[in-house]
Structures are given as C-alpha cells and as structure tokens.
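The next block holds one structure in the form of structure tokens; read it before the comments.
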Amino acid sequence: AAKANGKNTFVYFNDAINEKLMDKIQIQSELRKAIENNEFIVYYQPQIDLSTEKIVGFEALIRWNHPEKGILSPGEFIAFTEETGLIVPIGYWVLKSACCQLKKWEEEGFHNLTIAVNISARQFKDQDFANMVRETINETGINPGNLELEITESIALLDLEYSVAMIQKLKDLGVKFSLDNFGTDYSSMNYLKRLPVNNLKIDKSFLDSVTDNRSEQNIVQTIISLAQNLDIAVIAEGVEKNEQAQFLKSVKCNKAQGFLFSEPVSGDMADQVLKKIGTL
Ligand code: C2E
Ligand code: MG
Ligand code: MG
C-alpha cells in the first residue's frame, strides 16, 4: 500500500508540475495578446498630505481585465511579465497612460498633482530608459515636475553607480524619484545618502502593528527623522486605520496612502475621489 501511495504521490506531483507549466505557458501567451487587445487598465490611488488631509498625488497601479477571469491584480501576473521581458512594453504603456491622465488633470486646473509610476528592474536597466521617459513627457506635454518614478531599494542597489547616474539624468529633466517598499531590503544609511531620491515610501509591514507596538513606533520614527535629515519626504504605505494616521501625523510623516483614504480606483472614479477629498 505504501508503494502504491508513493507512486500515486509521484503521479500527482508530476501532474501538479505539468499543470503549473501549462498555466504559465497559457498566461504568457494570454499576456502577449493582452497588450494588443488593450486589456490592461491603470488604477489610481490617492496620496494624502497628512498636515492638510488633502490629495497631493496618485500612484498608478496596473490591473489586467482578463477576458474570463475578470480584473486581476499585479500579484497575479506581474512576475510572468518580468520573466518574459513583457514588462518593458507594458511598463511603457502604464507610463504613457499615467501621463495622459496627469495631462487631463493639469488641463482641468490641478497643476500640482503628482503621478507616481512603478518602474521594474528591467525597465530601469534599459539604457534607453531616460530617452523613453523624455519622449513620453514631450508627447503628452505634462509638467515633468509632476511625474514621480518609483523604484525599490533592490533595483537601486543592483548597480549603485548606474542608478545614481540614471536618477540624476532624469532629475535634470525635472522628474522626481521615490524609493518604494523602504525597509524591506537593505536600508543602509550609506547608500540612502548617495541616492538622490525625493521620497521614501515606508513599507506597509511597518505600519501594520505601529499602533500597539512600541518598537515598531521607534522604527517608523527613526526612518522619518533619517529621511528628513537627508531632505527626503516620507510617504507611509498601506494606512488602513485612523489610529495609524494619527500616529503618523504625530511623528510628522509627510504623506500617506492606503485604504483609509481610498483604494486604487479607475481614472473616472479618481476624479470623484479628487472632488470628495479635495486637493491643495
Ligand atoms: P506597490 O508599488 O508597493 O503598491 C502598493 C500596493 O499596496 C498596491 O497593490 C496597493 O493596492 C496596495 N495597497 C494600498 N493601500 C493599501 C492598504 O491600505 N492595505 C493593503 N492591504 N494594501 C494596500 P497592487 O495594486 O496590488 O500592486 C502590487 C504591486 O505590484 C505594487 O506594489 C508594485 O510593486 C507592482 N505594480 C503595480 N503596478 C505596476 C506597474 O505598472 N509596473 C510595475 N513594474 N509594477 C507594478
Ligand atoms: Mg509603488
Ligand atoms: Mg510599495
């Protein structure tokens, strides 16, 4: 019986691998078609200035409106696009869409709203990256000072020299930079002072227990004062509860983003959120 069981387990295991592989091949072929079929959507989540509680900008977050599965989050497909390199054309599509939305807001009179766009390692490493961003700015006619590019610490540290030069090149155009998911990777003082970023986004994981955990409070406070000493603004990510927002206010965190204020929403809904919460 043991032997039979073992054999069965092996068969199941094999099937599971096959199924996974088929899933992967299927998703990748669907992703290729998704670009042509215009199945991607950009959602926008507001970023709130904590001292005024008004909207100062939005983060662009991709969604895939899958023909059978409905709206999928990046966690369900972004890894596949990175493996295949499809993230590069998809990433430019997101950048272009976000800049078009920003232009619309600028034309409606919201001159100071910012748009943050997530940049993957593959895009950032592309020698042509700065040119593509410059072209997108020119084509859409946005104010480059309203565009923020988000990279993670691990992307920035792949090649620090290259990153500093690339960031500087884009900052010379007026574009701003944010360090996403701060605290989850390296977080060394030494590189932070060398990276010319404008914003640091404290990862959600630090906020989760911040209201009932003294050491978590100390960490957040330390990150904030470290950043502010370096002239870097701080955004807290994943703020869900009012107590978290109150704590962040008390330690002079500049901005916050999270379900407490709004979930990521479609461009049309973002207009309504903008009206409801207001802007500076
Ligand atoms: P991220 O850039 O750190 O974005 C923040 C994520 O946290 C978003 O997930 C957002 O919906 C979620 N979030 C915001 N507030 C809250 C909250 O209060 N509670 C909880 N539980 N979650 C909150 P999302 O949209 O699923 O995106 C996940 C990740 O996928 C992003 O993390 C980013 O790394 C990546 N991503 C999204 N859009 C793009 C894109 O256009 N290009 C690239 N390369 N990556 C993207
Ligand atoms: Mg981000
Ligand atoms: Mg993040």
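Return the residues of the range 227-272 that are away from ligand 1 (no atom under 14 Å from the Cβ) and farther than 30 Å from residue 97 by Cβ; say none if nothing qualifies.
228, 229, 230, 231, 246, 247, 249, 250, 251, 252
Let me confirm something: among 187, 225, which residue is closer than 26 Å to residue 165 by Cβ and away from ligand 2 (no atom under 16 Å from the Cβ)? Show your work before the answer.
On the way: 225 fails: closer than 26 Å to residue 165 by Cβ.
When all the criteria are applied, what remains is 187.
Given the criterion at pLDDT below 95, touching a Phe, Trp or Tyr at 6+ places or on another chain (Cβ under 7 Å) and over 30 Å from residue 248 (Cβ atoms), identify the matching residue among 17, 27.
Just a single option satisfies the conditions, and that option is 27.
What residue, among those in the range 67-106 that are over 28 Å from residue 126 (Cα atoms) and part of a strand (DSSP E or B), is farthest from ligand 2 (Cβ to nearest atom)?
70
Of the residues in the range 121-146, how many are surrounded by fewer than 19 Cβ atoms within 10 Å (Cβ to Cβ) and within 10 Å of ligand 1 (Cβ to nearest atom)?
Count: 2.
Any residue that is farther than 24 Å from residue 256 by Cα, within 16 Å of ligand 3 (Cβ to nearest atom) and among the β-branched types (Val, Ile, Thr) - is there at least one of those in the range 63-80?
Yes, the range 63-80 contains at least one residue that is farther than 24 Å from residue 256 by Cα, within 16 Å of ligand 3 (Cβ to nearest atom) and among the β-branched types (Val, Ile, Thr).
Determine whether the range 141-160 contains at least one residue that is more than 16 Å from ligand 3 (Cβ to nearest atom), in a strand (DSSP E or B) and more than 26 Å from residue 232 (Cα to Cα).
Looking for residues that are more than 16 Å from ligand 3 (Cβ to nearest atom), in a strand (DSSP E or B) and more than 26 Å from residue 232 (Cα to Cα), one finds none in the range 141-160, hence no.
How many residues, within the range 225-280, are of a type in the set (Asp, Glu) and within 16 Å of ligand 3 (Cβ to nearest atom)?
Counting residues in the range 225-280 that are of a type in the set (Asp, Glu) and within 16 Å of ligand 3 (Cβ to nearest atom) gives 3.
Please verify whether residue 56 is among the aliphatic types (A, V, I, L, M) and in contact with an Asp or Glu (Cβ under 7 Å, 6 or more places away or on another chain), treating the condition exactly as stated.
Spelling it out, residue 56 is indeed among the aliphatic types (A, V, I, L, M) and in contact with an Asp or Glu (Cβ under 7 Å, 6 or more places away or on another chain).
Specify which of the listed residues (178, 266, 262) is within 24 Å of residue 41 (Cβ to Cβ), in contact with a Leu (Cβ under 9 Å, 6 or more places away or on another chain) and at pLDDT 95 or above.
Just a single option satisfies the conditions, and that option is 178.
Inspect the range 161-178 for any residue being polar (S, T, N, Q), surrounded by 15 or more Cβ atoms within 10 Å (Cβ to Cβ), within 29 Å of residue 138 (Cβ to Cβ) and free of Cβ contacts under 8 Å to residues at least 40 places away in the same chain and give the result as yes or no.
Step one: filter the range 161-178 for residues polar (S, T, N, Q), giving 163, 168, 178.
The next check asks that each one be surrounded by 15 or more Cβ atoms within 10 Å (Cβ to Cβ); those that pass are 163, 178.
Then drop every residue that is not within 29 Å of residue 138 (Cβ to Cβ), which leaves 163, 178.
Remaining after also requiring free of Cβ contacts under 8 Å to residues at least 40 places away in the same chain: 163.
Taking every residue of the range 161-178 in turn, at least one turns out to be polar (S, T, N, Q), surrounded by 15 or more Cβ atoms within 10 Å (Cβ to Cβ), within 29 Å of residue 138 (Cβ to Cβ) and free of Cβ contacts under 8 Å to residues at least 40 places away in the same chain.
Based on this model, can you work out whether residue 137 counts as among the aliphatic types (A, V, I, L, M) and either within 16 Å of ligand 2 (Cβ to nearest atom) or assigned to a helix (DSSP H, G or I) (or both)?
yes
Could you check the range 107-119 and list, in sequence order, the residues that are without any contact (Cβ under 8 Å) to a residue 40 or more places away in the chain and either within 17 Å of the chain's Cα centre (by Cα) or not in a helix (DSSP H, G or I) (or both)?
108, 109, 111, 119
The values are calculated or read from the model by the stated rules, or taken from the named source; none is laboratory data. Since we're looking at a predicted model, the values are computed, not measured. Reconstructed Cβ throughout: ideal geometry from the backbone, glycine too, with neighbour counts over all protein chains shown.
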